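*Asks:* Dropping a structure here in structure tokens format, bear with me for questions.
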Amino acid sequence: MATDISKLRNIGIIAHIDAGKTTVTERMLYLSGAKHRVGRVDHGTTDTDDDPEEQERGITIFSACVKYRWKDFDINLLDTPGHVDFTAEVERCLRVLDGAVTVFSAREGVEAQSETVWRQADRYEVPRIVFINKMDREGANFESVLNDIGPRLGGNPVAIELPVGQGPPHVSDPFRGVIDLIDMKMLEFDPETEGKQVNETEVPDELRDDAMLWREQMLDAVYDLSEDAAALALEDKEVPREMIVSALRAGVLDRKIQVVLCGSALHGIGVQPLMTAVGNFLPSPLDRPPVEGVDPKDREKTLVRRPDPKEPFCGLVFKILPAKTGDNYWIRVYSGQLKQNSRVQCPNRDKKENIAQIWQIHATKKDRDGQVETVGAGDIACVIGPRFAITGDTVCDTQNAIELPSIKFAETVISMA
Ligand code: GDP
């Protein structure tokens, strides 16, 4: 089944170590219907995978990219390491993803390493949304984290949710759900079902004034982003929901704002709305600027490639994982189509490469780790066959060569010092 590029999201989760990146990832995969995969990172295998080849590939799930479906979106979730030592790794992922979810801990807030990854994302012009996690922790403070994002990171956060309660179950008003400020609904999550069951109700009277105040703040940002919305507000007319969502989306894509959500990944609270927000607010490959490179035969000549399956193929090798069955080359396809049993050019090595097999690693059993015949513009896949390319190299159509900017690790390390 061909992937609809407008419904494709290539995302990463970037966070300070311990903010909950792994827990958010596992929860997203669980909620997308991939329970059997969760925990694999700890155990290295599951009881259903006896085939060693299968196991070997499965382990790459959390170390490269996993595909899952949520509503009508196809999400490629790229692994971004959370430790500062791996800053170059984070940088490499930022190069190939289109949008990011930044996770902060509601207790620890914006930490030094959050600043590092935030600035890296700025450098690569990555649009992002924010998830304030660990709302169930003692001392969790949504507002304080939100208020830090501007001064500490130069961000412009816009809350589209308000937490219902804060802190662990034993406090008088524990965290139990969120108010969706766009639809003005209260969402409560059933802990028994680990966040699968969501009860949607009217905002209760005692929370209504507070929620209206927060909604006004959100709408102020919408008026700044959309003249149409501002005009309606001046006439005292209701701004339609679609206009609010599209203004916020445009604001995120232009990197003028970051929409902010909150929850507890550990208990599955607030993760479903986060998954929907990935689809609603983060860019598809079509929303990103076309890639530029040079003609390997004439380096003065700039070439441009668009995320269109009809353009000549070009892609970037962003990760190579050794495997007994043939090294796994992870490739982000920027234009055209990559086909099984074809040959491509690697201009950086001046070599031709064989594309023997193409794999996409799916989170759900139903469409489990699948070998595919082609992978189209905007998508990400694991390829077996190449031998010469190294990380950061371009692979492209043999008749229409282009060399994309490489991934500069050395520069990154120096600039972090
Ligand atoms: P990472 O280093 O960012 O990948 O963070 P992890 O996902 O490994 O989480 C770090 C620790 O925080 C683990 O002990 C998690 O169980 C815990 N944790 C993650 N999310 C939550 C949450 O929402 N609430 C609470 N109370 N603990 C959490």
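The values are calculated or read from the model by the stated rules, or taken from the named source; none is laboratory data. This structure is a prediction, so every number in the text was calculated from the model and none was measured. Neighbour counts run over all protein chains shown; Cβ positions are idealised from the backbone, glycine included. What goes into the accessible areas is simple: the full protein's heavy atoms, side chains included, and nothing from ligands, DNA or RNA. Shrake-Rupley method; radii C 1.70, N 1.55, O 1.52, S 1.80 Å.
*Asks:* Send over the Kirkwood Rh of the range 189-326, from the inverse of the averaged 1/r over different Cα pairs, rounded to one decimal Å. Provide the component values of the computation, followed by the final result.
*Replies:* Values: mean 1/r = 0.0512 Å⁻¹.
It works out to 19.5 Å.
*Asks:* While we're here: Give the carbon-plus-sulfur fraction of the accessible surface of the range 219-375 in %, rounded to a whole number; probe 1.4 Å, heavy atoms of protein chains only.
*Replies:* 46 percent
*Asks:* Shifting gears a bit: Please work out the FRET efficiency for the pair Asn400 and Thr116, using the Cβ-Cβ distance as r and a Förster radius of 56 Å; give the result to the nearest 0.05. Walk me through the numbers on the way to the answer.
*Replies:* Working: r = 38 Å, r/R0 = 0.68.
Approximately 0.90, to the nearest 0.05.
*Asks:* Same structure again: Given H placed on each backbone N at 1.01 Å, which residues far from Ile14 in sequence or on other chains put an amide H within less than 5 Å of it?
*Replies:* It is Val101, Thr102, Val103, by chain and number.
*Asks:* How much area per residue is accessible in the range 170-232 when the probe is 1.4 Å and only protein heavy atoms are counted (Å²)? Write out the running numbers ahead of the final one.
*Replies:* Numbers: 3690 Å² over 63 residues.
Averaged over the residues of the range 170-232, the accessible area is 59 Å².
*Asks:* Tell me the angle of helix 271-281 to the major Cα principal axis of the chain, expressed in degrees between 0 and 90 and rounded to the nearest ten.
*Replies:* That works out to roughly 70 degrees.
*Asks:* While we're here: I need the peptides 262-269, 121-128 ranked by packing, meaning the mean over residues of other C-beta atoms within 10 angstrom, with the highest value on top. Spell out each step's value before the answer.
*Replies:* On the way: 262-269: 25.5, 121-128: 18.2.
The peptides rank, most packed first, as 262-269, 121-128.
*Asks:* Based on the Cβ-Cβ distance of Ala356 and Ile390, what FRET efficiency does E = 1/(1 + (r/R0)^6) give at R0 = 25 Å, to the nearest 0.05? Numbers along the way, then the final one.
*Replies:* Details: r = 18 Å, r/R0 = 0.73.
According to the calculation, E is roughly 0.85.
*Asks:* Something else: What distance in nm separates the two pseudo spin-label positions at Met243 and Glu188, each 7 Å out from Cα along the beta-carbon direction?
*Replies:* About 3.4 nm, to one decimal.
*Asks:* Give a residue-ordered list of calculated ³J(HN,Hα) values for the range 319-335 (Karplus: 6.51 cos²θ - 1.76 cosθ + 1.60, θ = phi - 60°; whole Hz; x for Gly, Pro).
*Replies:* Once θ is set to phi - 60°, the couplings for the range 319-335 become 7, 10, 10, x, 8, 4, 8, x, 4, 8, 9, 8, 10, 9, 8, 9, 8 Hz.
*Asks:* When all alpha-carbon pairs of the range 173-254 are counted, what percent fall beyond 16 Å?
*Replies:* Values: 1955 of 3321 pairs.
Result for the distance tail: 59 percent.
*Asks:* Just the number, please: carbon plus sulfur as a percent of the accessible area of the range 103-168, 1.4 Å probe, no ligands or DNA/RNA counted.
*Replies:* Values: 850 of 2230 Å².
Carbon and sulfur: 38 percent of the exposed surface of the range 103-168.
*Asks:* Additional query: Which far-off residues, 5 or more places away or on another chain, put their amide H under 5 Å from the one on Tyr334, with H placed in the peptide plane?
*Replies:* Amide H neighbours of Tyr334, under 5 Å, 5+ apart: Cys314, Gly315, Leu316, Gly378.
*Asks:* Here's a follow-up. Nearest 500 deg cm²/dmol is fine: what mean residue ellipticity at 222 nm does the chain get from its DSSP H runs of n ≥ 4 alone, each adding -39,500 (n - 2.57), divided by its residue count?
*Replies:* Values: 11 runs with 118 residues, N = 417.
The helix-only estimate for the chain comes to -8500 deg cm²/dmol at 222 nm.
*Asks:* Extension gain Val171-Glu138, at 0.36 nm per residue separation less the Cα-Cα distance, in nm? Show your work: numbers first, answer last.
*Replies:* Working: separation 33, 0.36 × 33 = 11.88 nm, distance 0.86 nm.
That pair, Val171 and Glu138, stretches by 11.0 nm at full extension.
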